[in-house]
Structures are given as structure tokens and as C-alpha cells.
Amino acid sequence: MLTMKKTSNYFITLEGIEGVGKSTQLSFIRNYLLKSKQPLVVTREPGGTPMAEELRKVLLQKNKEPVTQEAELLLLFAGRAQHIAQVIRPALAAGKWVICDRFTDATYAYQGGGRGMSLEQIAMLEKWVQQDLHPDLVLLLDAPVKTALKRIKRRRMKDRIEMEQESFFQRVRDGYLARAEQFPNRYKIIDARQPCLKVQKQIKSILDELLPNL
Ligand code: Z5A
């Protein structure tokens, strides 16, 4: 049972390591909510506005110049500030659902867990940039690293972060699971090892808990 505020629209994020099926499930969620006649905005991070999409390119391209962890973290929050101001807050204020492929929990998992950056520093930036804004619901698609990476093995091009070692993604997964334990009211862990249709069924039952609130 979800224990969150009753509202007519929700801010939902999808999280997990690469290959767990976020993009696949995002399109299922979009179609399901549209079928239920909910006004919605589907967006992503890094990115979501023209400027933030430019920052995404900078973040994910393989640079000749090494990217410092501090620069990476600040670029993520710079894009997020734009995204929140231009897209997320206006959509929520207009009564729309916002479905976002990754948000700040990814920063805790990748930069905090994966890179070992200070969680306090991330929390400080989060507070500064987001103030009171947090997802109402985080759908964490969780699968063992080997399972997830196997699914994307056939991809020809890997981005800068995808080039990391398996141990990095293990720390990212552990980072997500630690967040889920810290925020049980906000997080729903979905077993992403299951076949796609079973994952969808689980997501559908979570969304159905929200829809009758309307
Ligand atoms: N990043 C960060 O470091 N810090 C931050 O704060 C933020 C992001 C916000 C971009 O992410 C990168 O930014 C990401 C983290 C970092 N880095 N990396 N690496 P992204 O979200 O744009 O890209 P991604 O995470 O790499 O997504 P992805 O690789 O596309 O994975 P996915 O969306 O989870 O998976 P998918 O494309 O839906 O599915 C992958 C394959 O598996 C595909 O062939 C599917 O058909 C198949 N699939 C899906 N579900 C299943 C099931 N259930 N069974 C079997 N096969 C399946």
C-alpha cells in the first residue's frame, strides 16, 4: 500500500542501473496513463529542456579532457535547476503528472554510490536546487548487475558513464537499495529480472493505487 499525499497528479521517477528496462517501462506508463485520460509530461534527466539536453551531451560524451567529479555533479544540478523551473514545476502546477526517467536519486546512486562522492554535499545541492520538490513515487527497477548489463551488451556505442566497470554499477545498485531502505514510503522496488509483462503488471497495480484517488 502506498502511503503518500492524496493529490490529482503525481511526480513519478524511474530509477535503476542501465539495462533494467526503464525506457521500456516508461513507454508502458505513458500509454497506461494516457488511456486513463491523465494529463502528463514525460521527461528525462540528464536533460528535459534544450539547455539541459546540451549539458547531457557534455556529460555523456567521451571527452579528451578528463571530467572531474565536481564538474560532473555541478553539471547535473545545473541541468536539473533548468528542468525543474522550465518543465517540472509548471507541469505539476498545471495539474499534470510528471513521469521522469531518472532524477536526483540517480545522483545519490551514481555520484554518491558509484563515484563515492559525499552524500552530504549532494544533499546540500539538492536542498538548494529543489527546495521542497521531491518525487512522490520512485519506481526502482532492480536487477543484478550481470543481468542488466547483459541486456545492453549488444549496443555498439557506450557513453562515458556506461564505460565504467561492473564494480561501479554494483556500487550504484547498492546506492539505490540504500535509498529505498531510507525512504520506504516513497520507493517501490520492482523485480526487473522478471519478464517484461510481469514487470508491467506490477507497475500497473502501483499506478492503480494512485488512480482511484482522483
Ligand atoms: N546519471 C548520473 O550519473 N547521475 C544523475 O544524476 C543522472 C543520470 C540523472 C544516462 O542515463 C546516464 O546518466 C546514466 C546515469 C547517468 N548512465 N549510465 N550509464 P539514461 O537513463 O539516459 O540511460 P541508461 O540508464 O543508460 O538507460 P538504458 O541503458 O537505455 O537502460 P534502460 O532504459 O533501463 O533499459 P531499456 O532500454 O528499457 O532496456 C534495455 C534492453 O533490455 C532492451 O533491449 C529491452 O528490450 C530489454 N528489456 C527491457 N526489459 C526487459 C525485461 N523485463 N526482460 C528482458 N529484457 C528486457
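The values are calculated or read from the model by the stated rules, or taken from the named source; none is laboratory data. Remember, it's a predicted structure, so these values are computed and weren't measured experimentally. Methodologically, a virtual Cβ is constructed for each residue, glycine included, from the backbone with ideal geometry; neighbour enumeration extends over all protein chains shown. In case anyone asks, the SASA skips ligands and DNA or RNA and just uses the protein heavy atoms, side chains included. Shrake-Rupley method; radii C 1.70, N 1.55, O 1.52, S 1.80 Å.
Structure notes:
- Matching option when the condition is of a type in the set (Asp, Glu), without any contact (Cβ under 8 Å) to a residue 60 or more places away in the chain, surrounded by 14 or more Cβ atoms within 10 Å (Cβ to Cβ) and out of contact with any Ser or Thr (no Cβ under 8 Å at 6 or more places or on another chain), among Glu126, Glu164: Glu164
- Helices (runs of 4 or more DSSP H) contained in segment 1-94 and holding at least 1 residues touching a residue at least 40 places away in the same chain (Cβ under 8 Å) and within 12 Å of the ligand (Cβ to nearest atom): 22-35, 50-60, 69-83
- Criterion violated by Ile189 - all others in (1) surrounded by fewer than 15 Cβ atoms within 10 Å (Cβ to Cβ); (2) within 16 Å of the ligand (Cβ to nearest atom) satisfied: (1)
- Extreme residue, nearest to the ligand (Cβ to nearest atom), among residues of segment 95-104 that are more than 12 Å from Gly48 (Cα to Cα) and touching a helix residue (DSSP H, G or I) at 6+ places or on another chain (Cβ under 7 Å): Thr104
- The residue of segment 102-123 that is farthest from Phe183 (Cα to Cα), among those that are assigned to a helix (DSSP H, G or I) and open to solvent by 30 Å² or more (accessible area, probe 1.4 Å), is Gln121.
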